[in-house]
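The values are calculated or read from the model by the stated rules, or taken from the named source; none is laboratory data. Being a predicted model, the structure only gives us computed values, none of them experimental. FYI the Cβ positions are ideal-geometry reconstructions off the backbone, even for glycines, and counts take in every protein chain you see.
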C-alpha cells in the first residue's frame, strides 16, 4: 500500500509546537482562518489520499461519514489512518530539504503508528509520481479537557485504558497529521487523527481539537 499526505501551498514557519493522493489544493475554510487569527494553527492547502483503505483495514463500519462531515473529508481521514498504520520510521535514512535532514518514513504494512516518543518533528517519505513529500507527526496528545476520553468512556472503554492527562503524567493518545506538504516546516492545517494505542481506536478532528468523530479501529 502506498500513501501520501497533503501538500501545503507556500511554506512558512510552523505555528504549532509540539495511498496515493489526490494532488489537488484545498481552499482554506472559514473555521481554519478563524483558528489562525486566534492563535491556532495557520492552515494551508493540502492534498489527501486518493484511495480509501483496502477492505478490512478498518474493523468497524467506517465508510459512512457522520452528519456534518463530507464524504471527501471522511475519506481523507480514512486514507491518512491507512497511511500511518502502514508506515514506520527508518532512522537509517534521511530526506534533505534546504540543507537540513529529516528522518524517513518507510512503507511497512502492519507496522506503522509511530509511538509518542518520536513525535513533534517532520518526516519525509516517497510519494510515487510526486517524489519526496513531508508530514508532521505530533506525538503525544494529552487530551487536556478530557473530550476524547469522554467519548471513549461513552463507548464502553475502561478508565484504565482511556484517560486524559489530568492527574497523570501523560495520556495514552497519539496525534498524527492527516495531510502532507511539499516542504517541511510548512504551516499546518487543522486536521488531525488522534489514536489510543491501548484500544486501537482512532478519532478525527477537522477543527484543531474542538470536536472529534470516531473513525474506527486501526
Among the residues of the range 193-207, write down those that are out of contact with any strand residue (DSSP E or B) (no Cβ under 7 Å at 6 or more places or on another chain) and within 19 Å of residue 68 (Cα to Cα).
206, 207
What do you reckon, is residue 178 in contact with a helix residue (DSSP H, G or I) (Cβ under 8 Å, 6 or more places away or on another chain) and within 21 Å of residue 65 (Cα to Cα)?
yes
Of (1) in contact with a strand residue (DSSP E or B) (Cβ under 9 Å, 6 or more places away or on another chain); (2) within 26 Å of residue 171 (Cα to Cα), residue 92 satisfies all except one. Which?
(2)
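Okay, residues lined up against (1) closer than 19 Å to residue 141 by Cβ; (2) assigned to a strand (DSSP E or B); (3) touching a helix residue (DSSP H, G or I) at 6+ places or on another chain (Cβ under 7 Å):
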{"site": "83", "(1), (2), (3)": "yes, no, no"}
{"site": "88", "(1), (2), (3)": "no, yes, no"}
{"site": "92", "(1), (2), (3)": "no, yes, no"}
{"site": "95", "(1), (2), (3)": "no, yes, no"}
{"site": "101", "(1), (2), (3)": "no, yes, no"}
{"site": "104", "(1), (2), (3)": "no, yes, no"}
{"site": "111", "(1), (2), (3)": "no, no, no"}
{"site": "117", "(1), (2), (3)": "yes, no, no"}
Go through (1) touching a helix residue (DSSP H, G or I) at 6+ places or on another chain (Cβ under 8 Å); (2) under 18 Å from residue 204 (Cβ atoms) and name the single condition residue 138 misses.
(1)
Is there a residue in the range 182-192 that is closer than 19 Å to residue 85 by Cα, at pLDDT 95 or above, in a strand (DSSP E or B) and touching a strand residue (DSSP E or B) at 6+ places or on another chain (Cβ under 8 Å)?
yes
Within the range 116-150, can you find the residues that are on the phi > 0 side of the Ramachandran plot and surrounded by 22 or more Cβ atoms within 10 Å (Cβ to Cβ)?
143
Could you go through the range 156-170 and let me know if any residue there is under 13 Å from the mean Cα position of the chain (by Cα) and under 20 Å from residue 121 (Cβ atoms).
no
